[in-house]
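A.B. asks: Below is a structure I'd like to ask you about.
The values are calculated or read from the model by the stated rules, or taken from the named source; none is laboratory data. These figures come from a predicted structure and were not determined experimentally. With ideal geometry, Cβ positions are generated from the backbone for all residues, glycine too; neighbour counts draw on all protein chains shown.
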Amino acid sequence: MKVDTIDERLALFGRMLEQAGVDVDSPTLSERELRAAVQRCLGCQAGDECRAWVAEASENQPPPGFCRNVEPFARWAERQADIEFASLSEAVCSLDAAGSGS
């Protein structure tokens with residue numbers, strides 16, 4: 001078993017976020033939520049499994065079940081997708097309204 005440095009573990013955390021489709025700069029994520037997820041990752045005992053999974057995962061493959069953050073990541077990605085969808089719907093409605101006014 002390899003003992004990760006904090007930087008190594010944070011790099012794995014970042015890759016898992018990417019795989020989950022989560023944008024950490026999104027206003028839907030609170031600092032408290034992100035901090036709790038980082039703490040879960042730092043305390044995880046599955047570093048070897050995580051490293052192997054990250055090395056072999058295909059693009060946009062959801063995080064594996066052993067990940068202690070799989071549920072929060074899924075919630076965050078869904079929350080962000082909902083906001084993006086609402087924003088796009090608003091834009092389409094604005095375009096429709098502008099188009100019908102001419």
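A.B. asks: I'd like the full set of residues that are out of contact with any helix residue (DSSP H, G or I) (no Cβ under 8 Å at 6 or more places or on another chain) and over 16 Å from residue 2 (Cβ atoms), limited to the range 44-58.
C.D. replies: Residues satisfying the conditions are 56, 58.
A.B. asks: In the range 68-96, what residues are touching a helix residue (DSSP H, G or I) at 6+ places or on another chain (Cβ under 6 Å) and of a type in the set (A, V, I, L, M, F, W, C)?
C.D. replies: 73, 77, listed by residue number.
A.B. asks: Among the residues of the range 54-102, how many are within 16 Å of the chain's Cα centre (by Cα) and surrounded by 10 or more Cβ atoms within 10 Å (Cβ to Cβ)?
C.D. replies: Of the residues in the range 54-102, 25 are within 16 Å of the chain's Cα centre (by Cα) and surrounded by 10 or more Cβ atoms within 10 Å (Cβ to Cβ).
A.B. asks: Those residues that are at pLDDT below 80 and either of a type outside the set (Gly, Ala, Ser) or in contact with a Cys (Cβ under 8 Å, 6 or more places away or on another chain) (or both), I need them from the range 74-91; list them, please.
C.D. replies: 90
A.B. asks: When you check residue 51 against the structure, is it basic (Lys, Arg) and crowded, with 17+ Cβ neighbours inside 10 Å, yes or no? Talk me through it step by step, then tell me what you get.
C.D. replies: Values: basic (Lys, Arg): yes; crowded, with 17+ Cβ neighbours inside 10 Å: yes.
Yes; evaluated as a whole, the condition is true for this residue.
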